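This report concerns only the one structure given below.
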Amino acid sequence: MKACRKWYTLAVNEWHIMPVNRWCILAVNHWHIIGCKMTTPAKLLSGGQKKLVMLARLVVQNPQLLLLDEPDNHLDLPAKRNLERLIASYPGCVVIISHDRYLLDEVTSHIAELENGRLTLYPGNYTAYANERALRRLRQQQMYAAQQKEISRIEAAIKRFELWASVVVNERHIRQARARQKMLDRMDKVEKVSEARRMTLEMAGWRGSNKVIELEKVRKTFENGRTIFSGLNLTLWHGERVGLVGPNGAGKSVLLKQLLDPEAISDGQIKIGPSSKIGYYAQEHETLDDDQTLIDAIRLTAPVSRETAVAFLHKFLYTYDQMQQPIGKLSGGERSRLQLARLVLEKPNLLILDEPTNNLDIHSIEVLEETLEEFVGTVLVISHDRYFLDKVVDRVVELRNGRLAEFIGGYTDYLAETADAG
Ligand SMILES: Nc1ncnc2c1ncn2[C@@H]1O[C@H](COP(=O)(O)OP(=O)(O)OP(=O)(O)O)[C@@H](O)[C@H]1O
Ligand SMILES: [Mg+2]
């Protein structure tokens, strides 16, 4: 704690050198930016580490209003817990955007829903919101049905009066028709409950090699001399769904990148089955080119006409305007969907996915979960999303302190076995 009283400087590459107070030291210590010196350039930090430094930087400014846009993405479980504690005890006001249902349940007192350009405020946490929303929608649906019935009744009456007025010219009938028309015009119309459109993700996969991935005594040492892992052994068989977990900065993303480029390892051997076709989802969307338009990105992935590319992108919920814009303008979730779209076109049978649910909304995560369940092929996926892992994987491999440990069973079994991970 003595260190907490001192002031430090955190020099992070292109960022300013700034004084860092007790909050930051606590943040950095608590969220253990493991294995990294304070002077490590930001571009070399892992996805989670970058988020932690950004959060620490925010917190030292101690603003009255904290605006957090998906701060939990990339964070490991202990870091998420710390974030939950930070938000819950923050003296100012916090507005947080998140798709993590657990986190929202823990920290929020109100939920604001932005849908179809309209903001609706619900008191309570996420569960309260979900229940209240379902109730409101049910009520709205019933009111809509009742009002539609009433409208049909009035419209039929108007037609009747108009018919009578045309047969026997009678002012009274005309007045009655007009009065009812006015009634209709003045009526507060109840909107039909609209269901959010879901993306379509058709990724069937196919049967390839039996032994899909084999790692033997794999070591990776960076140019700066740091060994991130060594002696890694792992075999993946056709059809397996394996979750690769471990704390932020453990080297998970580095390990996946070695599978794409087995020559890049420092020692040992990586074998990929000869009839395995890899589909890779990059954690920070490095595989997307910000300057390309969405249509170009699709047409460069598969030889399809412009019309086919447009129809295909439509399944991933893009508007025609967005399809013609550069990828650089897309939101995080839109980038994630584009990576998934490209994976579909690549027709892989070995999916190597690095945190695919980050940024995705809950509907899209559900679609991804369903697709992975049906996928004929092998899935190796990194994620910190407890819900997703529980649904998708049946074997967990943990990378920690440069070593791999195996756990048979789903993510809940893994949590139960590892005291510190829960
Ligand atoms: N070229 C490099 N030179 C030196 N260090 C590097 C290099 N590339 C990555 N690192 C370091 O390797 C560590 C592991 O990074 P990696 O991105 O694999 O973490 P991760 O386990 O995927 O974490 P997260 O859950 O946060 O995504 C980090 O500390 C990172 O700074
Ligand atoms: Mg990573």
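The values are calculated or read from the model by the stated rules, or taken from the named source; none is laboratory data. All of these numbers come straight from a predicted model, not from anything done at the bench. All Cβ positions, even for glycine, are placed from backbone atoms using ideal geometry, and neighbour counts span all protein chains on display. Just so you know, the surface numbers come from the protein's heavy atoms only, side chains and all, with ligands and any DNA or RNA stripped out. Shrake-Rupley method; radii C 1.70, N 1.55, O 1.52, S 1.80 Å.
Can you tell me how many residues within the stretch 396-422 are open to solvent by less than 20 Å² (accessible area, probe 1.4 Å) and either small (Gly, Ala, Ser) or under 25 Å from the mean Cα position of the chain (by Cα) (or both)?
10
Return yes when Tyr320 is of a type outside the set (S, T, N, Q), surrounded by fewer than 19 Cβ atoms within 10 Å (Cβ to Cβ) and closer than 20 Å to Thr301 by Cβ and no when it is not. So that I can check it myself, show each step before the final result.
Working: of a type outside the set (S, T, N, Q): yes; surrounded by fewer than 19 Cβ atoms within 10 Å (Cβ to Cβ): yes; closer than 20 Å to Thr301 by Cβ: yes.
Yes: the conditions hold for Tyr320.
Rundown of residues vs (1) free of Cβ contacts under 8 Å to residues at least 24 places away in the same chain; (2) out of contact with any Phe, Trp or Tyr (no Cβ under 6 Å at 6 or more places or on another chain); (3) within 16 Å of ligand 1 (Cβ to nearest atom), yes/no style:
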residue	(1), (2), (3)
Pro348	no, yes, no
Ile352	no, no, yes
Thr357	no, no, yes
Leu372	no, yes, no
Thr378	no, yes, no
Ile382	no, yes, yes
Phe388	no, yes, yes
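Residue under question is Glu307, and the condition is that it be free of Cβ contacts under 8 Å to residues at least 24 places away in the same chain, closer than 26 Å to Leu330 by Cβ and either among the aromatic types (Phe, Trp, Tyr) or within 14 Å of ligand 2 (Cβ to nearest atom) (or both); does it hold?
No; evaluated as a whole, the condition is false for this residue.
Under 7 Å by Cβ, and 6 or more places apart or on different chains, what pairs join a residue from the stretch 44-72 that is of a type in the set (A, V, I, L, M) and open to solvent by 10 Å² or more (accessible area, probe 1.4 Å) with one that is more than 16 Å from ligand 1 (Cβ to nearest atom) and at pLDDT below 85?
Short answer, once both residue conditions are applied: Val60/Val20; Val60/Asn21; Val60/Trp23; Val60/Cys24.
Could you identify the single residue in Ser166, Ser194 that is hydroxyl-bearing (Ser, Thr, Tyr), at pLDDT below 90 and not in a loop (DSSP other than H, G, I, E, B)?
On the way: Ser194 fails: not in a loop (DSSP other than H, G, I, E, B).
Matching residue, one of Ser166, Ser194: Ser166.
Report those strands (runs of 3 or more DSSP E) wholly inside the stretch 230-316 carrying at least 2 residues which are surrounded by fewer than 20 Cβ atoms within 10 Å (Cβ to Cβ) and away from ligand 1 (no atom under 16 Å from the Cβ). Please lay out each step first, then the result.
On the way: elements: 241-245, 267-272, 278-281.
Where strands (runs of 3 or more DSSP E) fall fully within the stretch 230-316 and carry at least 2 residues being surrounded by fewer than 20 Cβ atoms within 10 Å (Cβ to Cβ) and away from ligand 1 (no atom under 16 Å from the Cβ), they are 267-272.
Given (1) surrounded by 14 or more Cβ atoms within 10 Å (Cβ to Cβ); (2) touching a residue at least 40 places away in the same chain (Cβ under 8 Å), identify the lone condition not met by Tyr122.
Answer for Tyr122: the failing condition is (2).
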